[in-house]
Structure formats: structure tokens, C-alpha cells
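**Q** My questions will all concern the structure given below.
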Amino acid sequence: MKRPVTCQLSAISVMLFFCAICYALPLSSTELINKAKEYDGKSVVYTGEVIGDVMVRGDFVWVNLNDGENAIGIWLDKEAAKEIQFTGSYRAKGDRLEVTGVFHRVCVQHGGDVDIHAQGIRKITPGQTVEQKLNPGKRNIAFILLGILCLVLIFVRRQGSRIAIS
Amino acid sequence: MILRPQPQDIKNIGYYSGKIIIGIGLTMLVPVVIALLFAEINPALDFLIGTEIALIIGFILSRLCFTEKDLNWMQGMVVVSFSWLAAMLLGAIPLYLSGHWRSYLDACFDAMSGFATTGLTLVQDLDHLSYAHNLWRHLIMFIGGQGIVIVALSLFMKGVSGAFKMYVGEARDERVLPNVIRTSRFIWLVSIIYLIASTLALGIVGIANGMKPVNAFFHGACIFMAAFDTGGFAPQSQNILYYHSLLFEVITIVIMILGAINFNLHYRIWTGDRREIWKNIETRTLCITILLTFLITLIGLNQVGSYPRAVIMFRKGFYQLISAHTTAGYVTIYARQFIDDWGNLALVGIICAMALGGGTCSTTGGIKMLRLGIIAKALKQDLRRIILPERAIVEQRLHHLKEIFLEDKQVRAALLITVSYLALYGIGALVGMLYGYPFLESLFESTSAAANVGLSCGITTPSMPAGLKLTYIVQMWSGRLEFMSVFTLIGFFIAAIKGR
């Protein structure tokens, strides 16, 4: 009788091991949102770019991480957030973080929002300022159109004065 | 016999449309200024190109079609519906040039969604969009909410006696002041005062929430424009969920409700007649329908046990419901949660709220409270007629700014528009189902587009079929203009082809 019990325990251990691996793999925001009930209250790994503002709330901060599909709010320790240097905007590509934390489908602490309470973060790729380069094609089109607009205005004024005389 | 439009019809339509197109072109200079302030070079060029194209077309049209004759009803209606299409096509140019929209059709979709104050969006990578483009997305909601023609009327035209025809064509059949241009200016005055107050309030809350001051006030202004004009665009992809703030939610609820109120009621409040709010049929109907639809939503949420605590259920349910009922379209949940977490009954509650809309002569879409109130009163009158003796004279009164005796023509007009809306919701849902989407999801998205709400259950994405995008564009356009001017434009084209 001892052998089947050992077998069962081994099987459960293997399953738990694989489950742990599954949850350790980064999940996409779509996966988390679409299967929110499945991941609710579980420890997950999520990666994404920090976008917008790092919003300080007491000893914690809110950061929003976008993985290219959606953005999810991360409730993070203020000290840990000091690692964030760049946040995503028009002018910058934000730091790409890997967050390990507890996923909430309905966070009781935060008014029922979908969020992740971070237990640890790791910067995968540092962000950078996006260089602004003038698009010569757009500049040329703008100049050509300006020329046409000037011609139209001259035509309009001439026609206008003719109408006024007549 | 259908009469072919005369050259004078084309001249009048071309001249006034040209003036409105010039107005649209000039408004694109606002984002140019913002782009220069934030040193965004390419976005400045995008808007410069848009302005130039609009001005070239506008000047040519208004010069070639120059006329001093006034508009008749048909021409006024055609000018309005045509101008809205022109606004969409021109307003989409800078959006498309930004590279954040997959195709020009997608940019047109968002431009129409903005002008019609809907809020459905196909933008990609919104979190990296420039300040200038973001401002334009919200500004077009502000312009569209006030009425594109109203903008032109109040800013670029002086004393046009045919103005009322265009004003009516834009689904505003009530004047606040005796003169339409003074009414337009009053609407602007109210909106700008609320804009300043709300931007300050949202900006201060944003700073207190940890946002950078520039971002806090920029977001404050954008959110106000989209909330007051019951639009629903937001500067970040998470919509209101981005802010993680109860206070932010409360302020946006207040702004959305202000946006859903008839401008005549705003005028009464401003002139000290606060009793009108409680006596008015629109306010009463709005209170009743909010209560009923909220009850349905709460029962639905409770049935599926979406939220573990009543407070959370109330917060989430109430926010989405007010957003739906005022046709604003702001959300504090993800689109898929409507389907995965909310259950069918709660979804029906939200669909009903979206379909009903807010006040007439406000910035909301949907059937609207006055029509619903009139239909309810007519029903009550008919029931009384059945119950009371045949000789009894049954009169039905309602209070909307003054005491009014209910007449059959009012009931007919209310029913006609209501039926048109219901048909529009149904047609959109049918098209959605033809593309393979489930019934309730199709109805949700269709109602959202036609009532200019902007809530999505996940159908509206850049990858959705082009046919469905076009369907929603037509729904947003005709829903916002309340059909008559759209029907007139269609009739105008038929007459041009088949007329003698």
C-alpha cells in the first residue's frame, strides 16, 4: 500500500513543480485579464514598459506597466520604485520591468481594480530618451501645401475684389 | 416627382460648408501651438499639413460657391451632415500622419468617434502618443460636443438668419436664448467656465495623486473635455483606471452628469432658477432611469458574484452605469470584464442605460430623456382615456422649462426618433452578428456606437473587419445628428441622380 501513496505524492510534486514553472513564466496582460478568475490571488510574473507617471502614495507607488497589449497597475514599494529611471511617453521609452507579485482580479484594498501587488521587481531593459528627428517628407509636403495655400489666398482676394467692384 | 437640386442649392451648400471647413482648419492650429510648446516637431508638421489642406479646400469652396443668399431647411440640413463628414476626413489627416493608426480608415473612425463624442478608439500605442495629438483627440470631442456648426456659428459667422436651420440640423432643437448665435456663445461660455474649474480640480487631484504637474493639468483638461462632452477618450490606454483614484472617479462622475444636462437647465441654474431642476421632466426621467438601470446592473452583478464586497460592487457598477447613461464612455474596468465578469443581466442594464442617453440640447447621444418622458406621459394619457368615462376630456401636461400640454405631434416626433434609434441599434447588432460576433456583444457595441457612448466589450479593435468599422462610423454619425440631416443628405444625392 505504501507504493501507490508514494507514486501519488510524486505525481503531485511533479504537477506542483510544473505549475510553479508555469506561473514563473511571464504572463501577458491579455492572458491575465481574460483569465482573471484563474489567476486571482496567485503569484504571477508580468513584464512590461513603465508608462506615464510614477504616482507616489505614501510608502508605495502606482506604476502602470504596458506589455504592448494592455497596461496593468502595479502597487509597488516606494524604495523599489527608485530603480525606475524612464517612464514611457512620446519622448521616452520607459524602463522594461519584470514584476513578481500577487495578481488581483478585484483588489479589495484598491476599490476593486485589477492590479498586481509587487513583491519584487527587476529591470530587464533600461529605458531611453527617444530622439526627435525632423521628417523631411512631412516638411516638404507642408512647404508645398503652404505655397498652394498662398496661391489660393491670392485667387480668393482677387475674386473678392472683382465681386466688390461689380 | 423628385426635383433635381438647383445650382443655387449647390452654391449655398458649398459656401457654408466651406466656411465650416475653414473653421475646422483653424482649430487645428491649437495643437500646432501645443506641439511647438512641447517641442514636438513632427506632430507640429502633421497639424500644419492638416490645417493647410482644410484651408485650401475651405477657401476654394467658399469662393467658388460665393453667395449672399440665405439657407433654406434642406440646404441647412445638407450643410450640417456634409460638414460632419468633411470634419471626419480632415480631422483624421493629422491622426493618420502620426503613425499611431494602422490605416486612414482607422484614423477616420477615431476622428468620427471624437467629433460625435463617442469614444470608441482604434489607436495603437496610445501611451506614446504626442501631447499635440492627444490634445486634438480631446479637442475634437469638445468641438463635436458643442456642435461643429455651433463653433463656426459662434466664432466665424455674424448674424446668419439661416443659422437656426444648421443649429437644428445638429440635433439641437432648443434655443437657450432668443438668438441662435447668442445661444451658441452661451454654450461656449458655460463650457469654458466649467473647463477652467474642472481642469483646476482634476489637476490638483492629479498632483496630489503623484502625477507631474504638467501631466496632471494636461490630463485634467483632456479628461474634462471628453467627460463634459460625454466623449470618453482618455490620454492613457487604461482610461480612468490609469489614475487609481476614487476622487478622480468622483469628479469625473460630476462632470459627466453636468454634460448630460440640457443647456437650458444650465442657464436656469446660472440665472438662479434652481427649482426648475427638480420640476423638469428630463431631470425626473433621468433620475428614474438611472435608478432602474442601476438596480438591474446591481442585481446582475450580484447574481454572478463579480465583486466580493457591496462597496466595491457599488463603486464599479455605479461608475460604469453613469458613464453609460450619460453616454460618456469612461471606464474603470477592462473591456473584456464586461463579458467575462459582469454576466448577461448586468450587461443588459448597461445596454439599456446606453440606449436611453441624457438630456436634449446637451452633449449626450441616445434616445434622450425628454422623448422618453413624452412617451411615458402619452402612455399614461392613453391609459387614463381607457379608464375614465368616454366623455371625459383627458389632458396631459408636462413640465419642461414651462408647463406644456402634451400634443400628438410631440408624441409622434418623439416616437419617430426613438424608433429610428432602436432600428439603428438593431442594424448595427445584426451587422456584428453577420461578422460572427455573439448577439449580446454585438448589441452592446452597436448601441455604444449609435448612442455615442464609447464603452466597448472588446469588439472594437484595429483588427476588426473594415465593414464593421464603416458600420460604426455611419452609426456614430447618424446617431449624433439624430437622423434628419443624414436622411436629407441621402435624399439630396438621390435627387441629384434621379431628379428632373
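**Q** Tell me the residue from B:Glu441, B:Glu445 that is buried (at least 22 other Cβ atoms within 10 Å of the Cβ), of a type in the set (Asp, Glu) and on the phi < 0 side of the Ramachandran plot, please.
**A** Details: B:Glu441 fails: buried (at least 22 other Cβ atoms within 10 Å of the Cβ).
Step by step, each of B:Glu441, B:Glu445 is checked, and only B:Glu445 is buried (at least 22 other Cβ atoms within 10 Å of the Cβ), of a type in the set (Asp, Glu) and on the phi < 0 side of the Ramachandran plot.
**Q** Search the range A:98-123 for residues being charged (D, E, K, R) and not in a loop (DSSP other than H, G, I, E, B), and hand back the single one that is farthest from the other protein chains (Cβ to nearest Cβ).
**A** Looking only at the range A:98-123, we keep the residues that are charged (D, E, K, R), and these are A:98, A:105, A:113, A:115, A:122-123.
With the extra rule that they be not in a loop (DSSP other than H, G, I, E, B), the set shrinks to A:98, A:115, A:122-123.
Working: A:Glu98: 19, A:Asp115: 8, A:Arg122: 21, A:Lys123: 18 Å.
Here the residue is A:Arg122.
**Q** I'm checking my understanding of the structure. Among residues of the range B:52-76 that are outside any helix (DSSP H, G or I) and surrounded by fewer than 22 Cβ atoms within 10 Å (Cβ to Cβ), which one is farthest from the other protein chains (Cβ to nearest Cβ)?
**A** B:Asn72
**Q** Out of all the residues in the range B:36-46, which are at negative phi and facing chain A (nearest Cβ under 10 Å)?
**A** B:Phe38, B:Glu40, B:Ile41, B:Asn42, B:Pro43, B:Ala44, B:Leu45, B:Asp46
**Q** Just a yes or no: is a residue in the range B:293-316 among the aromatic types (Phe, Trp, Tyr), within 14 Å of another protein chain (Cβ to nearest Cβ) and touching a helix residue (DSSP H, G or I) at 6+ places or on another chain (Cβ under 6 Å)? Give the derivation first.
**A** Residues of the range B:293-316 among the aromatic types (Phe, Trp, Tyr): B:294, B:307, B:314.
When the remaining residues are screened for being within 14 Å of another protein chain (Cβ to nearest Cβ), the result is B:307, B:314.
Now drop any that are not touching a helix residue (DSSP H, G or I) at 6+ places or on another chain (Cβ under 6 Å), which leaves B:307.
Taking every residue of the range B:293-316 in turn, at least one turns out to be among the aromatic types (Phe, Trp, Tyr), within 14 Å of another protein chain (Cβ to nearest Cβ) and touching a helix residue (DSSP H, G or I) at 6+ places or on another chain (Cβ under 6 Å).
**Q** Give the residue that is nearest to the other protein chains (Cβ to nearest Cβ), with candidates limited to residues of the range B:238-265 that are more than 26 Å from A:Ser29 (Cα to Cα) and not in a helix (DSSP H, G or I).
**A** Selected residue: B:Ile261.
**Q** Condition test on A:Asn64, is it touching a helix residue (DSSP H, G or I) at 6+ places or on another chain (Cβ under 8 Å), more than 14 Å from A:Gly88 (Cα to Cα) and polar (S, T, N, Q)?
**A** no
Conditions (1) within 11 Å of chain A (Cβ to nearest Cβ); (2) surrounded by 24 or more Cβ atoms within 10 Å (Cβ to Cβ); (3) in contact (Cβ under 8 Å) with a residue 12 or more places away in the chain; (4) not aromatic (Phe, Trp, Tyr), marked per residue:
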| site | (1), (2), (3), (4) |
| --- | --- |
| B:Pro7 | no, no, no, yes |
| B:Gly14 | no, no, yes, yes |
| B:Leu26 | no, no, yes, yes |
| B:Gly50 | yes, yes, yes, yes |
| B:Val78 | no, yes, yes, yes |
| B:Leu85 | no, no, yes, yes |
| B:Ser113 | no, yes, yes, yes |
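**Q** If A:Glu69 satisfies all but one of (1) modelled with pLDDT of 95 or more; (2) surrounded by fewer than 18 Cβ atoms within 10 Å (Cβ to Cβ); (3) under 18 Å from the mean Cα position of the chain (by Cα); (4) within 14 Å of chain B (Cβ to nearest Cβ), what's the number of the condition it fails?
**A** For A:Glu69, the failing item is (1).
**Q** Are any of the residues in the range B:107-116 under 14 Å from A:Tyr90 (Cβ atoms) and touching a helix residue (DSSP H, G or I) at 6+ places or on another chain (Cβ under 8 Å)?
**A** Within the range B:107-116, none of the residues are under 14 Å from A:Tyr90 (Cβ atoms) and touching a helix residue (DSSP H, G or I) at 6+ places or on another chain (Cβ under 8 Å).
**Q** With the range B:296-405 as the region, which helices (runs of 4 or more DSSP H) entirely inside it contain at least 3 residues that are within 22 Å of the chain's Cα centre (by Cα), touching a residue at least 60 places away in the same chain (Cβ under 8 Å) and crowded, with 18+ Cβ neighbours inside 10 Å?
**A** Helices (runs of 4 or more DSSP H) meeting the threshold: B:310-325, B:343-356, B:369-387.
**Q** Could I ask something else about it? Taking the range A:22-55, which residues are in contact (Cβ under 8 Å) with a residue 24 or more places away in the chain, of a type in the set (A, V, I, L, M, F, W, C) and within 11 Å of chain B (Cβ to nearest Cβ)?
**A** A:Leu32, A:Ile33, A:Ala36, A:Val50, A:Ile51, A:Val54
**Q** So which pairs qualify, if the first residue must be in the range B:224-237 and among the aliphatic types (A, V, I, L, M), the second must be assigned to a helix (DSSP H, G or I), the Cβ gap must be under 6 Å, and the two must be at least 6 apart or on different chains?
**A** B:Met225/B:His138; B:Met225/B:Met141; B:Met225/B:Phe142; B:Ala226/B:His138; B:Ala226/B:Met141; B:Ala227/B:Thr252; B:Ala227/B:Ile255; B:Ala227/B:Met256
**Q** Another question about this same structure. Among the residues in the range A:107-127, are any out of contact with any Gly (no Cβ under 9 Å at 6 or more places or on another chain) and on the phi > 0 side of the Ramachandran plot?
**A** The answer is yes; a qualifying residue exists.
**Q** What about A:Gly88, is it at pLDDT below 95, under 25 Å from B:Asn215 (Cβ atoms) and under 19 Å from the mean Cα position of the chain (by Cα)?
**A** no
**Q** Which one is surrounded by the fewest Cβ atoms within 10 Å (Cβ to Cβ) among residues in the range A:79-97 that are facing another protein chain (nearest Cβ under 10 Å) and outside any strand (DSSP E or B)?
**A** Among residues in the range A:79-97 that are facing another protein chain (nearest Cβ under 10 Å) and outside any strand (DSSP E or B), the one surrounded by the fewest Cβ atoms within 10 Å (Cβ to Cβ) is A:Arg91.
**Q** Still on this structure: Go through the range B:98-121 residue by residue and tally those that are under 18 Å from B:Val331 (Cα atoms) and of a type in the set (Gly, Ala, Ser).
**A** 3
**Q** Looking only at the range A:134-152, decide whether some residue is more than 16 Å from A:Ile72 (Cβ to Cβ), of a type in the set (Lys, Arg), part of a helix (DSSP H, G or I) and within 12 Å of another protein chain (Cβ to nearest Cβ).
**A** The answer is yes, given that some residue of the range A:134-152 is more than 16 Å from A:Ile72 (Cβ to Cβ), of a type in the set (Lys, Arg), part of a helix (DSSP H, G or I) and within 12 Å of another protein chain (Cβ to nearest Cβ).
**Q** Exactly one of these conditions fails for B:Asp229: (1) modelled with pLDDT under 95; (2) within 30 Å of B:His128 (Cα to Cα); (3) in contact with a Leu (Cβ under 9 Å, 6 or more places away or on another chain); (4) not hydrophobic (A, V, I, L, M, F, W, C). Give me its number.
**A** (3)
**Q** Tally up the residues in the range B:106-150 that are of a type in the set (S, T, N, Q) and in a helix (DSSP H, G or I), please. Working first, answer last.
**A** Here is the first cut: in the range B:106-150, the ones of a type in the set (S, T, N, Q) are B:113, B:117-118, B:121, B:124, B:130, B:134, B:146.
Subset that is in a helix (DSSP H, G or I): B:113, B:134, B:146.
Number of matching residues: 3.
**Q** Ok, one more. Go through the range A:15-43 and give me each residue that's over 19 Å from B:Tyr334 (Cα atoms) and modelled with pLDDT of 95 or more. Steps first, answer last, please.
**A** Step one: list which residues in the range A:15-43 are over 19 Å from B:Tyr334 (Cα atoms), which gives A:15-26, A:42-43.
If the condition is that a residue be over 19 Å from B:Tyr334 (Cα atoms) and modelled with pLDDT of 95 or more, then A:Lys42, A:Ser43 are the ones that fit.
**Q** Name every residue in the range A:129-138 that is surrounded by fewer than 15 Cβ atoms within 10 Å (Cβ to Cβ) and without any contact (Cβ under 8 Å) to a residue 40 or more places away in the chain, in order of residue number. Working first, answer last.
**A** Initial filter on the range A:129-138 (surrounded by fewer than 15 Cβ atoms within 10 Å (Cβ to Cβ)): A:129-134, A:136-137.
Passing the criteria: A:Glu131, A:Lys133, A:Leu134, A:Pro136, A:Gly137.
The values are calculated or read from the model by the stated rules, or taken from the named source; none is laboratory data. Source: prediction; values computed, not measured. Neighbour counts run over all protein chains shown; Cβ positions are idealised from the backbone, glycine included.
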